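Let me begin by presenting the structure, written as structure tokens, before commenting on it.
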Amino acid sequence: MVKNDSRRRLIADAGLTVLAREGSRGLTHRAVDTAAQVPTGTTSNYFRSRDALIEGLVERIGERLAPTSEDLERRATAEPGPALFADYIRDIVRRLTEDRDVTLALFELRLEGGRRPEVAAVLAAWQRAGFDGDVAFNTAAGLPGGRREIALFHYAIDGLLLDRLTTPIDPDTSTDEVIDDLVAGLLH
């Protein structure tokens, strides 16, 4: 059977929706088939095992959360400095909050990774590659901060997203204000 890339993405997107809405225990091939509105057994044709499905979901998360080439081009011509860095962080947080199911699915996978070493291994490789890419981008763009500051921003963004997507402790403070304060605090 020839594998169709658009159908594979459709199935992975349905898997992310199931994961976000039902949690990791609800992530089954049959549940994904139902969510994708494909015949029973289709998901297992594309992802033979649950581990293969999880690997496919992690890959799809990366695709859906990637910045657009227009966003990267716009930032490439801007003056490096804390304001540009804050703009970059705001864009990351915007992508993560606008694609709520993807971000919730990612949190679900991270929690499952705490219980299942094989999931942790897939996520760790993906996260470290993304982190290394962020550090390289930051350096190439001449933005302030190095590897340690980028790690601190990852920690802060994860906490901010968990807060904003669940039960905010301070819903009256805008996300942009929080980001500006984080940038000011970590880069000065």
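Just a yes or no: is a residue in segment 145-154 under 30 Å from Thr28 (Cβ atoms) and under 13 Å from the mean Cα position of the chain (by Cα)?
no
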From the option list Ala156, Ala129, Ala124, Ala151, single residue qualifying as surrounded by 15 or more Cβ atoms within 10 Å (Cβ to Cβ) and either at pLDDT 90 or above or in contact with a Gly (Cβ under 7 Å, 6 or more places away or on another chain) (or both) is Ala156
Restricting attention to segment 86-108, the residues that are acidic (Asp, Glu) and free of Cβ contacts under 8 Å to residues at least 40 places away in the same chain number exactly 4
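Conditions tested, residue by residue: (1) hydrophobic (A, V, I, L, M, F, W, C); (2) farther than 19 Å from Arg115 by Cβ; (3) touching a Lys or Arg at 6+ places or on another chain (Cβ under 6 Å).
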residue: Ser6; (1), (2), (3): no, yes, no
residue: Leu27; (1), (2), (3): yes, no, no
residue: Asp33; (1), (2), (3): no, yes, no
residue: Ala36; (1), (2), (3): yes, yes, no
residue: Glu63; (1), (2), (3): no, yes, no
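Filter segment 159-186 down to the residues that are of a type in the set (Gly, Ala, Ser) and under 12 Å from Val93 (Cβ atoms), then identify the one that is surrounded by the most Cβ atoms within 10 Å (Cβ to Cβ). Before the answer, list the steps.
If we filter segment 159-186 for residues that are of a type in the set (Gly, Ala, Ser), which is where we start, we get 159, 174, 184-185.
Narrowing the set further to residues that are under 12 Å from Val93 (Cβ atoms) leaves 159, 174.
Working: Gly159: 12, Ser174: 10.
Only one residue tops the list, namely Gly159.
The values are calculated or read from the model by the stated rules, or taken from the named source; none is laboratory data. Since the model is a prediction, treat every value here as computed from it, not as a measurement. No Cβ is skipped: glycine too gets one built from the backbone with ideal geometry, and neighbour counts run over all protein chains shown.
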